[in-house]
Amino acid sequence: MTSPDDPDGAAASTSGTDPGDPFTSVSEIGLTLDGMPTMLHTTPGSSLLRALRDAGCTETTGACEQGECGSCSVEIDGRVECSCLVPALICSGSTVRTVRSLLRDDLATALAEHGAVQCGFCTPGIVVAAEAALGGEKPLDELTAREALAGNLCRCTGYQGIIDAIVSVDAQRRTATSDGAVR
Amino acid sequence: MSDTLTDVRQHRRAIAGIGESVARPDVPPKIDGSFEFSNDVSVPGMLFGATVRSPHPRARLIELDIASALTATGVVRVITLDDVPTTARTGHITADEPVFVDGEARYVGEPVAFVVARTQEQAWRAADLVRVAWEVLEPIVDPAAALAADAPFVHPAGNVIRELVLRRGEPDDDPNSTLEAEVVVEGVWETGRQDQAFLGPESALALPDVDGGVTLVLATQDLHTDQHQIAAVLGLEEQQVRLVMSGIGGAFGGREDITCQVHLALAALNTGRPVKTTYRRGESFLAHPKRHPARMRYRLGADRDGTFRFVEADLVLDGGPYASTSGPVLGSACYFAAGPYRIPTVRVRGRAARTNNPVSGAMRGFGAVQACFGVESTVDLLAAELGICPIELRRRNVIGPGDEFPTSGQRIGPSAPLLELIDRCAAIPMPDDPSAGDTEPLHPYLLPGGTGLTSDGTGVRRGVGFALGVKNHLYGEGVPEWSVATVTITPQGAMVRSAAAEVGQGIISTLAQIASATLGGMPVTVEPATTEAGYAGSSSASRQTWMSGAAVRQAAAEAGARLIGSVARSTGVSPDEVRLVPEGVEVAGEIKGLAELFRGLGDAITPTGELTATSEYRAPTTHRGDPTSGQGDVHVSWMFVAHRAVVDVDVDLGLCRVVQVATAQDVGRAINPREVHGQILGGITQGIGLALNEHLDSRAGRVVNNSFTDYLLPTAADVPRVDAVLVEVPDPDAPFGLKGAGEPSALSSTASIAAAVREATGRSVPRVPIRPDDLVG
């Protein structure tokens, strides 16, 4: 794909910010993103989701921008949040983890094997929610896994493959741990 | 159509790779987040667009004032009707929708203008500055009122998008005579306006091309049909409009129509810059056509022993103001209004009306879902009247191989395993019943109301419902249908080129699987879909695996034969001694890798184009039905399905919880069983949504719940396990005997849940989604 020249210098942004616009006074925030010190540009009204996506971190998707679908889920200082509801400015100094650093191979394998992915739009958020649920004290069963994932909408799969994958990974990890293997 | 009724199961051959749950190549990048969706695409210097939409369901546009918007920060251009170079309309069957409101707005959300700015936020803010003076008119929102002779026109084309009458087996010469039988039941049934609610909102990028044309990177169900419409409106040659398929966040019928494509193309051409837009959820709900609300009046007559004698059905679909796919959706509703039953006398009348409600169009099941709810609900009324088990009543009346289809009279081929579907679905073990005292009480999360802990369990009653579904796959009704694919063999393996749209269903994987199976297990890659590839038709109507799968199989077979011929010539052996194997090619007993073979033989093996084959597969011919009776060979063949639902209802609260859905689905031959199961699970979940939650509520033409807060999709905590059985009776006309797998799961799951709720409550449940008000008071 070719692109024409960018005479007015708007090329840096993929959607959100324009340094010349008084409505969007740009701030720079620093945070730890997937283990890397990262600077993000943001504006007063912008969500963490927009700041991430404007910075080219498109692993995190968003389907509703009102905290209902869970597809934009990320971990902020250890808590799973809908990044569309969190102003980017308050994440200054936070540790943010997305699917990029949270996904572990066993979960990736299980999701694929159980047919848990069709269009894939919800999947990064599913991974974030699943990894949070997998760290719990009690073993996951069908019921608790479904409750843990109730904040993540999937329109394609009917959830069964997702739930089966998560329950199976939970069992594998607990077995591995009780055998003395390093988690 | 095949006339042979031999049991084709006897002739099934094992084909390497077919029937295996192979891994999908698109899945790993979707899991790790590296997959690129259409709204992830960006190029330097791109501008952003925002759509100005009508706030009124019906209003005359008096004046459009873009002056304030033009001077807003960051605004580059405001595209209006004045920028549209032709008077052509969009609409992929009937071109009747203007690019922007032209004189009169006909639904809330209809595009008025398209603001282009340097950032998305600037575009959105400037869109609010576009001033429109409207003369507000009284909207026409009741489809029955719209069909009245004296109703004002919603659209210059009149208020009837399509009317269809199907008549068969009239008992006398009077088509208006009252049909009678020993037992007659009557019902009036309604279905809601379901949104496809794909998770990835509409998003695309348009780039101006040096030849005056435009390239669109987008997510669609049909590249070439989009191309045709865009070119017509822009006054360009089709080859000047290039479409590149990007990652898609679901579709389910909701991406068959044009939404942002033309606006973006106009913006790119008028600014000379790339332009992108991404809809917000609230406007996505307004922008794409959705499932038609239906009102269906039924009469069903039978002998006392339960033998069906006649069915009469009068169907009215709310099409909204523009045609979209209302015509074929109405055809589907009418042709499946009698279900999969042997009924000697059939009278069906269907009308799709224009209104000022949201535009209706394609959604999974395409009219057959609504008709299924109507006919299956009426069959249950008859079962109750006769005191016959609903499953047994269906067993006595289902069609089978060699019968005539009830609404069209078309002869049914050998793949119609209705009895097997009924018996295998009914045989799936029932879930434990806590009220029977044989198991622990249910966890509170599993009661109606779920994790809200609404029900205390004392008012919970359990019901079981059963329903059968039927629909054609492929287009039917005489629409010419074909698909083109190209296969090229290279030193690395085979490459498939096809314009078939990957909508999440896994067609890329399936085409690779079919090519590989045809080429002895050769590794296969599938090129990105673009309009440069031959026409493949839409990813809809449960057709793409059949149509493009057949085209790929033909092209792969031809390319493989050329490779064998070329190797035989180059090495001086007989073609019989050359065989394709997963590692490469076996030549006279010796296996050579493809790369080695190409290296060794050099140009001798690949004269120009030698190892490329392009094939066009044409579907078996269908015909438009007889103009007065609708009779004829209107379909290629049919998909059948059985659903059994177990539902708990708190009869004090009017809340429902689906405990189990069991299903047996007629799949012909499952190419990738894991993915077929995926289609079944997803379709049933959408069926649960239509049964219990999903209705885009249009009040006086104004949608009041266009958000995920107010439009409730089933969550993981709302849906039960699904137990699915695949019934494989190959269709002799199809590649590998396969049948479409996308739609059947959505056909009768809704009707089976409504039947279960009726059994649990004794209520009539005349509409879906079922409201608490329908169950209490």
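Laboratory data are not the source of any read-out in this text; all were calculated from the coordinates shown. Predicted model only: the values in this text are computed from it and were never measured. Cβ atoms come from the backbone with ideal geometry, glycine included; neighbour counts cover every protein chain shown.
Structure notes:
- Gyration tensor over alpha-carbon atoms, chain B, equivalent ellipsoid semi-axes in Å: 41, 37, 25
- Least to most buried among A:LEU85, B:LEU386, B:LEU519 (fewest other Cβ within 10 Å first): A:LEU85, B:LEU386, B:LEU519
- Ordered by the number of other Cβ atoms lying within 10 Å of each residue's own Cβ, fewest first, B:VAL132, B:VAL552, B:VAL52, B:VAL757 fall into the sequence B:VAL132, B:VAL52, B:VAL757, B:VAL552.
- Here B:ALA149 and B:THR87 are evaluated by their C-beta separation; at R0 = 25 Å the FRET efficiency comes out at 0.25.
- Summing charges over all other residues whose Cβ lies under 11 Å from the Cβ of B:VAL719, with Lys and Arg as +1 and Asp and Glu as -1, gives +2.
- Average other protein chain Cβ within 10 Å of Cβ, residues A:158-170: 4
- Debye log10 I(q)/I(0) at q = 0.11, 0.14, 0.16 Å⁻¹ for region B:557-638, Cα point scatterers: -0.46, -0.55, -0.63
- Shape call, region B:259-313: gyration tensor on alpha carbons, a/c limit 1.5: prolate
- Farthest toward positive dipole pole in the protein assembly as shown [+1 Lys/Arg, -1 Asp/Glu at C-beta], among B:ALA741, B:GLY250, A:SER178: B:ALA741
- Where a label projected 7 Å from the Cα of B:GLU385 along Cα→Cβ would reach, residues of region B:302-317 with amide N under 16 Å: B:302-314
- Distant alpha-carbon pairs in region B:575-702 (separation over 21 angstrom), percent: 73 percent
- For region A:14-156, the convex hull drawn through the C-alpha positions has a volume of 110 cubic angstrom per residue.
- nm² value of the averaged projected area, convex hull over the Cα atoms of the protein assembly as shown: 41.7 nm²
- Ratio of Rg to Rh for region B:74-158: 1.05 [Cα atoms; Kirkwood radius as inverse mean 1/r over pairs].
- Between B:ASP433 and B:SER764, the distance separating the two model label sites (each 7 Å from Cα on the Cα→Cβ line) works out to 2.7 nm.
- Whole-Hz ³J(HN,Hα) from phi, Karplus 6.51 cos²θ - 1.76 cosθ + 1.60, for region A:84-93, glycine and proline x: 6, 9, 9, x, 4, 4, 7, 8, 4, x
- Look at B:PHE598, B:PHE640 and count the other Cβ atoms within 10 Å of each Cβ; fewest to most, that gives B:PHE598, B:PHE640.
- By average C-beta atoms within 10 angstrom, highest first, the peptides A:37-44, B:556-563, B:450-457, B:254-261: B:254-261, B:556-563, A:37-44, B:450-457
- Cα-projected label distance for B:ASP142 with B:ASP697, points at 7 Å along beta-carbon direction, nm: 2.0 nm
- Mean silhouette area of region B:629-684, derived from the convex hull of its C-alpha atoms and averaged over all directions, reads 6.8 nm².
- Long-range amide H partners of B:ILE161 with built H, under 5 Å: B:ALA352, B:ALA353, B:ARG354
- Region B:680-729 - Rg and Dmax from Cα coordinates, angstrom: 14.6, 48
- Of the Cα atoms belonging to region B:317-383, the radius of gyration and Dmax stand at 12.9, 39 Å.
- Cut-off 11 Å between beta-carbons: net charge of the residues surrounding A:CYS72, Lys and Arg +1, Asp and Glu -1: -2
- For region A:48-56, Karplus couplings with θ = phi - 60° (6.51, -1.76, 1.60), whole Hz, Gly/Pro x: 4, 4, 5, 4, 5, 5, 5, 7, x
- 12 Å beta-carbon shell around B:GLY213, net charge (K/R +1, D/E -1): -3
- Normalised by 2.2 N^0.38 Å, where N counts its residues, the alpha-carbon radius of gyration of region B:122-253 equals 1.69.
- Debye-formula intensities of region B:484-592, expressed as log10 I(q)/I(0) at q = 0.14, 0.17 Å⁻¹, are -0.54, -0.73 (one equal scatterer per alpha-carbon, no solvent).
- The mean sequence separation of alpha-carbon pairs under 8 Å and at least six residues apart, normalised by the residue count of chain B, gives a relative contact order of 16 percent.
- From the C-alpha gyration tensor of region A:102-148, square roots of 5λ in Å: 18, 12, 11
- A:GLU113-A:ARG79 FRET efficiency (beta carbon distance; Förster radius 41 Å; 0.05 resolution): 0.90
- Rg/Rh for region B:216-331 stands at 1.18; both radii use Cα atoms, and Rh follows the Kirkwood definition.
- Linear extension gain, B:VAL210 paired with B:ILE62, 0.36 nm per residue minus alpha-carbon span: 49.5 nm
- On the principal axes of its alpha-carbon atoms, region B:21-113 has extents of 57, 39, 26 Å, going from largest to smallest.
- B:GLU36 paired with B:ARG569, simple spin-label distance in nm, labels 7 Å along Cα-to-beta-carbon: 3.9 nm
- Rounded to the nearest 500, the helix-only mean residue ellipticity at 222 nm of chain B stands at -7000 deg cm²/dmol, with each DSSP H run of n ≥ 4 adding -39,500 (n - 2.57).
- Once the chain from B:THR454 to B:GLN492 is taken as fully extended at 0.36 nm per residue, the excess over their C-alpha distance is 7.7 nm.
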